[in-house]
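Peer 1: Have a look at the structure that comes next, please.
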Amino acid sequence: MKRQTITIVAGLIAAYSSALAHAAWPERPIMVIVPYSAGGTGDNIARVTAEWLSRALKEKVLVENRVGASGAIAAEYISRAPADGYALFMASAGVMEIVPHLQKNLRWDSFKSFAPISVVGSNAQAIAVHPSFSAKTLTELVAYAKERPGKVPYASSGSGTLAQLTMVVFEQRAGIKLSAVNYKGNAPALSDVLGGHVPIYIGGVFEPLSHHKAGKIKIIAVSTATRVGHLSDVPTVAEQGYPGFATATWNGLMAPAGTPKEVISKVADALRPACKDSAFVAKLEGMGIEPVCDSPEQFSTMLHANWKMWQAAVKAAGISAQ
């Protein structure tokens, strides 16, 4: 009886000590690992987020870039990090939802290796056309492409990118076949469309925004479920005859699997007010990012929903895992 009592008391003490430890978190600096190089959108989102969390959590939140293998190197690093909340991952749609379908023998799993915390923000894909192109709306583009199957080119940031795969998903919904011209990034893709060498652009909405406003290119649709705030006059793909169509790139915080729920909740709760803060929102919108700051549960639901869509898109694009 005494041994049983001692065991119970020891268990209660351990649980109490663990609860105190979680309540005290953080007690030292937190590192946010970014899978992209410094200066890019993903890196800038991470730094704005780190700045906010440093104030909210009253502890330094630092950013470290670990570049390579389309984000797989950074993801593996986090998947092997201690599950104590001191190493977080600024994950993205490309890394978590697309890379696993393109790379063989990954040493991490998008669902089993990570604990979702919160999506910080999302970015719509834009379908845009050169002013000289005869199709001025999405409906006209579809009609034009149906008369010329496989002969109408579009520029994207690269094979297997979210931009190119968004167009693949749209081609399936619209019953058309375009010709992909894949570049190494949004900038050269957009440059060739602006120069009139390729009639159609698909990519992040922020890159062509200033050119759209200047009349050098026309954005005819955005890929998200709702219209983009700074492009409220541009209808979504869904509004133009394709209900339910929605794709977006996103950046969000994740932790190694097994990180205490109390820590996950503390980070999510600290971040949530950010998306209602005018200064924080302005910084994101300045990068073309729509603030989200959702819950761990909402993040997880989105991740599972998108997984099958991108898996099917990769297969439809005929891209084999390397």
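Taken together, the values in this text are just the output of simple stated rules run on the coordinates, not laboratory data. Worth saying up front: this structure is predicted, and the values here are computed from it rather than measured. When we count neighbours, we look across all protein chains shown, and the Cβ atoms used for this are built from the backbone with ideal geometry, even at glycine.
Peer 1: Using just the helices of the chain, give the 222 nm mean residue ellipticity in deg cm²/dmol: DSSP H runs with n ≥ 4 each add -39,500 (n - 2.57), and the total is spread over all residues, rounded to 500.
Peer 2: Details: 11 runs with 132 residues, N = 322.
So the calculated ellipticity at 222 nm is -12500 deg cm²/dmol.
Peer 1: Once every Cα of segment 167-300 carries one equal point scatterer and solvent is ignored, give the base-10 log of I(q)/I(0) from the Debye formula at q = 0.09, 0.10, 0.14, 0.19 Å⁻¹, two decimals.
Peer 2: -0.37, -0.45, -0.81, -1.20
Peer 1: Cα centroids of segment 108-186 and segment 243-318: how far apart, whole angstrom?
Peer 2: Comparing the Cα centres of segment 108-186 and segment 243-318, I get a distance of 20 Å.
Peer 1: In whole Hz, with x marking every Gly and Pro, tabulate ³J(HN,Hα) for segment 112-119 from phi via Karplus 6.51 cos²θ - 1.76 cosθ + 1.60, θ = phi - 60°.
Peer 2: Per-residue couplings from phi come out as 7, 9, 9, 10, x, 10, 6, 7 Hz.
Peer 1: Calculate how many DSSP beta bridges within the chain are antiparallel, expressed in % of all such bridges and rounded to the nearest 5.
Peer 2: Values: 23 of 38 bridges.
Roughly 60 percent of the beta bridges in the chain run antiparallel, per DSSP.
Peer 1: Skipping prolines and chain starts, which residues have an amide H placed within reach, meaning under 5 Å, of the one on Val120, given they are 5 or more residues away or on another chain?
Peer 2: Placed amide hydrogens put Asn251, Gly252, Leu253, Cys293 under 5 Å from Val120.
Peer 1: Applying the Karplus parametrisation 6.51 cos²θ - 1.76 cosθ + 1.60 with θ = phi - 60° to the phi angles of segment 201-217, what ³J(HN,Hα) value in whole Hz is obtained for each residue in order, glycine and proline being reported as x?
Peer 2: Along segment 201-217, the couplings run 10, 10, x, x, 5, 5, 4, x, 4, 5, 6, 5, 5, 8, x, 8, 7 Hz.
Peer 1: Follow-up question, since we're still on this one. Kindly flag which residue pairs out of Lys146/Lys308; Lys112/Lys308; Lys146/Lys218 have an alpha-carbon separation exceeding 23 Å in this structure.
Peer 2: Lys146/Lys308
Peer 1: Using unit Cβ charges (K, R positive; D, E negative) and no other charged atoms, how large, in debye to the nearest 20, is the dipole of segment 69-210 about its Cα centre?
Peer 2: Magnitude of the dipole: close to 340 debye.
Peer 1: Let me ask another. Return the long-range amide H neighbours of Ile220 (sequence gap of 5 or more, or a different chain), with a cut-off of under 5 Å between placed amide H atoms.
Peer 2: Correct list: Ile127, Ala128, Val129.
Peer 1: Excluding same-chain residues fewer than 8 positions from Lys104, which lysines have a Cα within less than 16 Å of its Cα?
Peer 2: Correct list for Lys104: Lys315.
Peer 1: Which ³J(HN,Hα) values in Hz, rounded to whole numbers, follow from the phi angles of segment 156-170 under the Karplus curve 6.51 cos²θ - 1.76 cosθ + 1.60, where θ = phi - 60° and Gly and Pro get x?
Peer 2: In residue order, the calculated couplings are 10, 7, x, 5, x, 7, 4, 4, 5, 6, 4, 5, 4, 4, 5 Hz.
Peer 1: Over segment 125-240, what portion of Cα pair distances is larger than 17 Å, expressed as a whole percent?
Peer 2: Of all Cα-Cα distances in segment 125-240, 48 percent exceed 17 Å.
Peer 1: Would you list which lysines come within 17 Å of Lys266, measuring only between C-alpha atoms, while excluding same-chain residues fewer than 8 positions from it?
Peer 2: Filter leaves Lys58, Lys60.
Peer 1: Could you sort 160-171, 182-193, 284-295 so that the peptide with the highest average Cβ count within 10 Å comes first and the rest follow in order?
Peer 2: 160-171, 284-295, 182-193
Peer 1: Considering just Cα atoms, how many Å³ per residue does the convex hull of the chain enclose?
Peer 2: 141
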